Amino acid sequence: MVIFVPKICIKMKTDQYTHPDHYALDDLLTEEHKLIRDTARAWVKKEVSPIIDEHYEKATFPKHLLKGLGEIGAFGPYIPTEYGGAGLDQISYGIIMQELERSDSGLRSTASVQSSLVMYPIWRYGSEEQKQKYLPKLATGEMMGCFGLTEPDHGSNPSGMTTNYKEDGDHVILNGAKMWISNSPFAHIAVVWAKNEEGRIHGLIVEKGMEGFTAPEMHGKLSLRASTTGELIFDNVRVPKSNILPGRSGLGAPLSCLDSARFGIAWGALGAAMDCYDQALRYSKERMQFGVPIGSFQLVQKKLAEMITEITKAQLLTYRLGQLREAGKASTAQISMAKRNNVEIALNIAREARQIHGGMGITSEYSIMRHMANLESVVTYEGTHDIHLLITGAEITGIPAFTREKPNL
Ligand code: TGC
Ligand code: FAD
């Protein structure tokens with residue numbers, strides 16, 4: 001049997017990826033979508049691929065990329081142009097997240113947080129003055145933001161938050177702490193969720209430099225190392241009342257932001273899966289064992305065939321979700337299903353791709369282990385894998401199963 005190994009495969013490097021499109025999904029994209037994808041991909045290849053491993057190893061975020069991220073429209077892609085956003089549709093947002101996460105989940109995280117968790121709440125729930133003041137600078141990356149919902153004792157259950165504020169004339173006095181906050185050490189502003197004196201949750205824009213506000217970095221992460229994570233500590237911080245988001249209160253306000261971010265993550269995880277698949281396919285044609293490419297073994301083909309099947313199913317799910325979201329019809333449970341599914345398949349694909357690479361798969365020569373480690377954060381943040389299962393369960397049964405009677409310990 002003669003096995004055709006295209007020459008181009010032999011010298012391919014990890015950043016020279018192809019585009020898995022087994023079901024001709026490109027036909028569903030507009031010319032604008034393809035241009036956005038190709039632009040983001042070319043930028044990532046030129047600016048990110050050469051430096052990302054070093055940042056990952058040193059556990060630093062490549063801040064010099066912020067301007068470029070702004071220029072390719074990664075900050076607030078769907079925010080209207082009048083506020084400095086790119087004015088694109090939801091599928092374009094997804095495509096940009098996909099291309100960023102083909103490179104590294106940490107890079108996509110920064111764009112997700114800035115777009116969906118900082119710009120989105122200001123755009124949806126902010127006053128006109130707040131929108132004018134913050135959105136244009138956030139869109140270019142000149143100003144960076146972070147999102148404070150999770151607390152040390154309240155992760156999956158944010159409604160239990162204890163961060164709170166009390167009125168003091170035309171200011172409020174904010175106290176409490178947030179943990180696991182992406183970008184907080186270098187962000188200029190934080191969109192913080194806190195309870196007022198009646199126990200109602202509101203969003204506040206807290207600026208660096210306000211007395212009593214600190215954002216120390218958290219160290220020791222073995223995942224998402226090219227992303228900076230920190231705390232937010234509020235010790236009697238005086239925040240002007242004009243910094244409270246007036247448009248919506250209650251837990252639904254931050255949860256609606258999570259809908260937008262989870263949508264982007266569903267697309268992003270697909271990017272990580274594609275990158276792992278691309279590398280595994282290429283390696284299986286290059287690597288010779290027993291005198292033949294390992295891709296000629298049925299067990300290796302099984303892995304590859306299952307990978308492309310899962311990628312294709314996830315692409316279809318994600319594309320349809322993009323249509324629903326664009327039409328304003330995507331439910332939280334639909335978004336949860338896509339986030340949960342796509343992160344899970346990406347993790348499984350990373351593990352299988354690692355196996356196809358044998359020992360080489362554990363080295364930084366390939367991005368597979370980095371994706372795998374990153375995806376362990378992605379499967380937990382923005383709602384854990386099991387919380388998303390319960391969101392789907394609650395919708396299909398009508399019975400929320402998030403809480404249970406407290407055990408009598
Ligand atoms: P529940 O009773 O279900 O809802 C409370 C109120 O909110 C309303 N609501 C929503 N509104 C808008 N959009 C949504 N998606 C909404 N979901 C719920 C709901 O109608 C209700 O309104 P009302 O008027 O009746 O009060 O809330 P619950 O306390 O039972 O919690 C439900 C649960 C567990 C699903 C939810 O709290 C949850 O999603 N937990 C997971 C927490 C999470 O995802 N945290 C993420 C933190 S941010 C982050 O991780 C960023 S990672 C950054 C990066 O990419 O680097
Ligand atoms: P817990 O809520 O303590 O969960 C622990 C385990 O218990 C999980 O397996 C969970 O599924 C399970 N569990 C909990 N409740 C239930 C239940 N009702 N039923 C069944 N199982 C349950 N947060 C922010 O606000 N902003 C950010 O920018 C941000 N960035 C992050 C970046 C990174 C790298 C990481 C790791 C986290 C980030 N987070 C952020 C926090 C993230 O959203 C939380 O870690 C996540 O929501 C889970 O909360 P937890 O870690 O407290 O886990």
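What value does the range 80-120 have for Rg/Rh, both radii from Cα atoms and Rh as Kirkwood defines it?
0.98
Going Cα to Cα from Lys302, which aspartates and glutamates come in below 13 Å? Please leave out same-chain ones fewer than 8 positions away.
Result set, ordered by chain and number: Glu310, Glu352.
With the convex hull built on the Cα atoms of the chain, state its orientation-averaged projected area in nm².
For the chain, the mean projected area of the Cα convex hull comes to 22.2 nm².
What's the percent breakdown of Cα-Cα distances in the range 145-243 across 5 Å bins, shortest bin first?
In whole percents, the pair-distance histogram is 3, 15, 26, 25, 17, 9, 4, 2, 0.
Compute the distance in nm between two label points, each set 7 Å from the Cα along the Cα-to-Cβ direction, one at Glu198 and one at Lys58.
About 5.1 nm, to one decimal.
Assuming R0 = 22 Å, what is the FRET efficiency of Glu167 and Leu390, from their Cβ-Cβ distance, to the nearest 0.05?
Details: r = 36 Å, r/R0 = 1.64.
With R0 = 22 Å, the Cβ-Cβ based efficiency is 0.05.
Send over the Kirkwood Rh of the range 128-196, from the inverse of the averaged 1/r over different Cα pairs, rounded to one decimal Å.
By the Kirkwood definition, the hydrodynamic radius is 13.4 Å.
Multiply the residue gap between Lys67 and Thr81 by 0.36 nm, knock off their C-alpha separation, and tell me the result in nm, one decimal place.
3.3 nm
If we count other beta carbons within 10 Å of each Cβ, what is the order of His33, His371, fewest first? Please report the intermediate quantities before stating the final value.
Details: His33 18, His371 28.
If I rank by nearby Cβ atoms, fewest first, I get His33, His371.
Say each of Lys302 and Arg404 gets a label point 7 Å from the Cα, pointing the same way as Cα to Cβ; how far apart are those two points in nm?
About 3.6 nm, to one decimal.
If I model a spin label as a point 7 Å beyond the Cα along the Cα-Cβ vector, how far apart are those points for Asn236 and Glu286 in nm?
The modelled label-to-label distance comes out at 6.1 nm.
Can you spot the aspartates and glutamates whose alpha carbon is less than 14 Å from Lys133's alpha carbon? Ignore those fewer than 8 places along the same chain.
Glu82, Glu142, Glu207
Sorting Asp386, Asp259 on the 10 Å Cβ count, fewest up front, what's the list? List each step's numbers first, then the result.
On the way: Asp386 13, Asp259 19.
Ordered from fewest to most neighbouring Cβ atoms within 10 Å, Asp386, Asp259 come out as Asp386, Asp259.
Could you work out the relative contact order of the range 10-140, using alpha carbon pairs under 8 angstrom and six or more residues apart, expressed as a whole percent?
With pairs under 8 Å counted, the relative contact order is 26 percent.
Determine, from the Cβ-Cβ distance of Thr214 and Ala24 and an R0 of 41 Å, the FRET efficiency 1/(1 + (r/R0)^6), rounded to the nearest 0.05.
The value I calculate is 0.20.
Please report the spacing between the Cα centers of the range 280-329 and the range 113-169 in Å, no decimals.
Taking the Cα centre of the range 113-169 as reference, the centre of the range 280-329 is 37 Å away.
If exposed chymotrypsin sites (Phe, Trp or Tyr not before Pro) are those in a DSSP loop with at most 12 other Cβ within 10 Å, what is the longest stretch of the chain that has none?
It runs 5-289.
Could you calculate the FRET efficiency of Lys313 with Lys46 from 1/(1 + (r/R0)^6), where r is the beta carbon distance between them and R0 is 22 Å, rounded to 0.05? Don't skip to the answer; put the middle values down first.
Numbers: r = 31 Å, r/R0 = 1.42.
My answer for the efficiency is 0.10.
Cα-Cα over 20 Å: which of Lys46/Lys67; Lys45/Lys313; Lys178/Lys208; Lys58/Lys221; Lys46/Lys137; Lys45/Lys285? If you can, show how the numbers build up before the last one.
Values: Lys46/Lys67 14 Å; Lys45/Lys313 26 Å; Lys178/Lys208 15 Å; Lys58/Lys221 11 Å; Lys46/Lys137 25 Å; Lys45/Lys285 23 Å.
Pairs exceeding 20 Å: Lys45/Lys313; Lys46/Lys137; Lys45/Lys285.
What three numbers, in Å, describe the spread of the alpha carbons of the range 191-285 along their principal axes, ordered from the longest?
Taking the Cα atoms of the range 191-285, the three principal extents are 63, 29, 19 Å.
If you average the sequence gap of Cα pairs under 8 Å that are 6 or more apart and divide by the length of the chain, what percent do you get for the contact order?
For the chain, the relative contact order is 18 percent.
What span do the alpha-carbon atoms of the range 10-140 cover on each of the three principal axes, reported in whole Å from largest to smallest?
If we take the Cα atoms of the range 10-140, the spans are 56, 41, 18 Å.
Of the beta bridges DSSP finds with both residues in the chain, what % are antiparallel, to the nearest 5?
Looking only at bridges with both residues in the chain, the antiparallel portion is about 85 percent.
For Val343, Val292, Val113, which order do you get if you count the other beta carbons within 10 Å of each Cβ and list the fewest first?
Val292, Val113, Val343
Hey, what did the range 149-228 get for relative contact order, percent, Cα under 8 Å, at least 6 apart? Could the numbers behind the result be given before it?
On the way: 107 pairs, mean separation 20.3, N = 80.
It comes to 25 percent, rounded to a whole number.
Only the coordinates and a few stated rules stand behind these numbers; no lab work does. What you see is a predicted model; the values in this text were computed from it and never measured. Every residue, glycine among them, receives a Cβ derived from its backbone with ideal geometry; neighbour counts consider all protein chains shown.
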